[in-house]
Amino acid sequence: MSARIKPLVAGNWKMNGLKSNQAEFYKMIAGIPDDLAESVDAMICAPATLIAALADKAGKGAMAVGGQDCHAEASGAHTGDISAEMLADAGASAVIVGHSERRADHGETDSDVRAKAQAAWRAGLVAIICVGETETQRKAGDAVSVVERQLEGSVPDGATAENTVIAYEPVWAIGTGLTPTAGDVADMHKAMRQALVGRLADAGGSMRLLYGGSVKPANAGELMAVSNVDGALVGGASLKADDFLGILDAYSRS
């Protein structure tokens, strides 16, 4: 973990969650100790259909609510899309942009991600910008160069620690149960930090860098101890209150 940077644990529910699943969210809120907000920020990025209900339940407590994607435009003839302003209006405080599944399934480019991050800022949301390499790219020795190129293309000028979070997600580790070694994570996060400082100076030095990829209660403590890891972007483990609270507990004790 980076010194003096407050960690963030953000859960990404992806395309999961019906009204009945709100009970897990309520259990998460009930299970967060009163003093948690002093040591770690917590967030659930829910499907758009649940954001308003979850945000209403969360209120101004220790749990924030975010979205999973947004359109670059504030409004218009974009059937089925959701603008950053709509997310903010529903009660979101942040939005994930550039997740590997969006890049792969919808062909989103770095410039698309950059535009969405700017849209998030426009609406007063924090942009959680995702970057990461595939297994093929890692085996070819291109992991760092791929991520550096994504950072350059996806992070807009004007990014600060207040409006932007970076999430590194090795694509080959998402939902597979595979996890890079602590050394692999340390090397990548160091390279990311250096790239951000080189471009953004002090803002790059204080920006939160999350690790995402099969984060569980069992490995959260080890990952949190890695230099320049300032929290986690949690997938499947964020769907169950007990697992998510276990990860929060590991981070709050670090």
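The values are calculated or read from the model by the stated rules, or taken from the named source; none is laboratory data. Keep in mind that this is a model prediction, so the values were computed, not measured. Ideal geometry is used to build each Cβ from the backbone, glycine not excepted, and the neighbour counts take in all protein chains shown.
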query: For region 168-178, what are the residues that are closer than 20 Å to ILE128 by Cβ and either of a type in the set (Ser, Thr, Tyr) or not in a helix (DSSP H, G or I) (or both)?
result: TYR168, GLU169, PRO170, ILE174, GLY175
- request: Could you tell me whether region 47-58 includes any residue that is of a type in the set (Asp, Glu) and either part of a helix (DSSP H, G or I) or farther than 24 Å from GLN150 by Cα (or both)?
  value: yes
- prompt: Is region 115-135 home to any residue that is more than 15 Å from MET207 (Cα to Cα), assigned to a helix (DSSP H, G or I) and touching a Phe, Trp or Tyr at 6+ places or on another chain (Cβ under 6 Å)?
  reply: yes
field: SER100 vs. criteria polar (S, T, N, Q), crowded, with 16+ Cβ neighbours inside 10 Å and under 16 Å from LYS14 (Cβ atoms)
entry: yes
Matching residues in region 147-197 - criterion: being of a type in the set (S, T, N, Q) and under 15 Å from the mean Cα position of the chain (by Cα): SER154, ASN163, THR164
Yes/no for GLY66 being in a strand (DSSP E or B), out of contact with any helix residue (DSSP H, G or I) (no Cβ under 7 Å at 6 or more places or on another chain) and either of a type in the set (A, V, I, L, M) or touching a residue at least 24 places away in the same chain (Cβ under 8 Å) (or both): yes
statement: Condition set β-branched (Val, Ile, Thr) and under 23 Å from ALA94 (Cα atoms), scope region 198-238, selection modelled with the lowest pLDDT: answer is VAL215
message: Would you confirm whether or not region 216-233 contains a residue that is acidic (Asp, Glu) and surrounded by fewer than 17 Cβ atoms within 10 Å (Cβ to Cβ)?
response: yes
task: Tell me, please, whether a residue that is surrounded by 13 or more Cβ atoms within 10 Å (Cβ to Cβ), of a type in the set (Ser, Thr, Tyr), in contact with a Pro (Cβ under 9 Å, 6 or more places away or on another chain) and touching a residue at least 12 places away in the same chain (Cβ under 8 Å) can be found in region 74-97.
output: no
query: Being among the acidic types (Asp, Glu) and surrounded by 20 or more Cβ atoms within 10 Å (Cβ to Cβ), is that true of even one residue in region 170-190?
result: no
message: Just checking, does region 180-196 include any residue being within 24 Å of SER252 (Cα to Cα), touching a Ser or Thr at 6+ places or on another chain (Cβ under 9 Å), in a loop (DSSP other than H, G, I, E, B) and among the hydrophobic types (A, V, I, L, M, F, W, C)?
response: no
message: Residue under question is GLY213, and the condition is that it be on the phi > 0 side of the Ramachandran plot and surrounded by 17 or more Cβ atoms within 10 Å (Cβ to Cβ); does it hold?
response: yes
task: Return the pairs, sorted by first residue and then second, in which the second residue is at pLDDT below 95 and surrounded by 19 or more Cβ atoms within 10 Å (Cβ to Cβ), the first residue lies in region 102-128 and is closer than 22 Å to ILE174 by Cα, the beta carbons are less than 9 Å apart, and the residues are 6+ apart or on different chains.
output: ARG103/VAL171; ALA104/VAL171
field: Residues within region 218-248 that are farther than 13 Å from THR179 by Cα and assigned to a helix (DSSP H, G or I), tallied
entry: 14
query: Can ALA120 be described as under 22 Å from LEU54 (Cα atoms), in contact with a Leu (Cβ under 7 Å, 6 or more places away or on another chain), at pLDDT 95 or above and not β-branched (Val, Ile, Thr)?
result: no
- request: Tally the residues that are touching a Leu at 6+ places or on another chain (Cβ under 8 Å) and within 24 Å of ARG4 (Cα to Cα), restricting the search to region 23-64.
  value: 8
